[in-house]
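Everything on this sheet refers to the single structure shown next.
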Amino acid sequence: MFKEAVMAKGLIATVGGTPQPLIATIVEHKPEFVCFLCSQESVEKIKEIKDGIANQLGEQCIQQDHKVLVEDYNDVVHCYEKAQECFRKLKDWGINPEEIVVDYTGGTKSMSVALGLAAVRFGCMFSYVGGSKRTKEGLGIVIDGTEQVYTSINPWSLFAVEEKRRIAEAFNSYQFIAALEATRNLLARPNLDPTLRQFLQIVELLCEGYSAWDRFEHQKATESLKKAASQLESYVELDSRESYRSFLKDVKSNLEWLQRLQRQTHGFKHPARSQVFDLIANAKRRIDEGKYDDAVARLYRALEMEGQVCLREDPLRIESASDVPEAKLPEDLRDEFKRKYREEQTGKIKLPLYAVFRLLERAGHPRGKRFQEMEKELKKILSARNHSILAHGTAPIQKDTCEEFLRLISVFLGTLQRKTSCLQKCPLSREFQTGL
């Protein structure tokens, strides 16, 4: 993808045995600062280059120049180190990468490759001097006076290889805010492949959606994933690679889960068992991140919500644990519960977790019986939670305690072999991760 010539504040160029190509590229781009990457054999050509430029542009064209000498011009690794030195020099001069043009016309192939490799991550422009006439019947060097300067976008920048990798890593590590920020920074880049831009706009919606889901903003998550799924479906019609179709299937599955959750919670307003599973899945993601206190807080809430869901079922049909009708309490528990759990200001009976499951057990609900059977094991874990820094204590939760809580709640709910929520990892396609 060649562009019209661009003005450059800085230029880095490999120097070969012929000065004319470099004279042409400097005349074309008119840089103020130039760093020459040259060998012991080609360093003497720099004076010829500067004299040729002065003849065409005057003495004041280049404000400053610097030479970086390559000792072994056939060693790519050594040449790469020297090329990096060139970029450091321009940085010292206060020149930003987007103000730099790299010309790889001269020098050995190892020098040109090394400069190209050093340049790709900076997003600077590339320049190459060709010509309309060459020696050796068109296969040799460009004949003086026929030079043509070709400027192109850095392909690494155009296809954002490194940035895509970082976005994918953040996304698949549940760092959705970081992935969103990186995506928006990339979308702000003017020279971006149009097809990639279209896909990144979908990724932006996905990051917004999954980030909202992780914060329990289910309505916002549903809206974002609905838009993303629609746009991704259109995108897959143009690019039908299996990885993209699989990605679309994952996103649709996630959206279906959210829509089902929306129905079962009556617009995310009332507790439902699917929300319990969603909390557990969220806790698993926090475990993967090493955030054990956050995970235990979610697991505790999942256990608490399961009790609230069970209260709404037969035989009790109690709408809320925060307002339990006195008439629904068994006679042998009524006085005790009124004494312990009635709020003075409102007069409402508000039951904590243990009391909820005790009431369920007395009412004959199977979950209440199950809690009673596992109460000894659960109490140990719940005690650790109560002493954690996010509850009532100062001690952080350890990994083994967190994982044991997850195991116990899974046994309690009978979900050891059950997929708790569609939102686990939703990997970006392999092509997006690697730039292939």
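Here are a few things to note about the model shown:
- Rounded to the nearest 10 degrees, the inclination of helix 45-57 to the longest alpha-carbon principal axis of the chain is 90 degrees.
- D by Stokes-Einstein for the stretch 273-413, Kirkwood Rh over Cα pairs, 25 °C, 0.890 mPa s: 156 µm²/s.
- Bridgeable aspartates and glutamates around residue 164 (alpha carbons under 16 Å apart, same-chain partners fewer than 8 residues away excluded): 181, 193, 204, 431.
- For the stretch 162-244, the set of GluC sites (Glu not before Pro) satisfying both a DSSP loop assignment and a count of at most 16 other C-beta atoms within 10 Å is given as 217.
- Taking every DSSP helix (H) stretch of at least 4 residues in the chain, weighting each as -39,500 (n - 2.57) and dividing the sum by the residue count yields a mean residue ellipticity at 222 nm of -18500 deg cm²/dmol.
- Descending by average beta-carbon neighbour count within 10 Å, the peptides 184-193, 24-33 line up as 24-33, 184-193, the highest first.
- Extending 7 Å from the Cα toward the beta-carbon at both residue 71 and residue 340 defines two label points whose distance is 8.0 nm.
- For the stretch 161-268, convex hull volume per residue from C-alpha positions, Å³: 94
- For residue 148, the residues whose amide H sits under 5 Å from its own are 130, 131, 132, ignoring neighbours fewer than 5 places away on the same chain, with H placed 1.01 Å from N.
- Convex hull per residue volume in Å³, alpha carbons only, for the chain: 203
- Relative to the longest principal axis of the Cα atoms of the chain, the long axis of helix 161-172 makes an angle of roughly 10 degrees.
- For residue 11, distant residues with modelled amide H under 5 Å away: 33, 34, 35, 101
- Charge dipole (debye, nearest 20) of the chain; +1 at Cβ of Lys and Arg, -1 at Cβ of Asp and Glu: 2100
- Size of electric dipole in the stretch 161-268: Cβ of Lys, Arg +1 and of Asp, Glu -1, about Cα centre, debye, nearest 20: 180
- Helix 242-264 and the long axis of the chain differ in direction by around 30°, with both axes built from C-alpha atoms.
Where a number appears in this text, it was derived from the coordinates with a stated rule and is not lab data. Everything quoted here is computed from the prediction, not taken from an experiment. Every residue, glycine among them, receives a Cβ derived from its backbone with ideal geometry; neighbour counts consider all protein chains shown.
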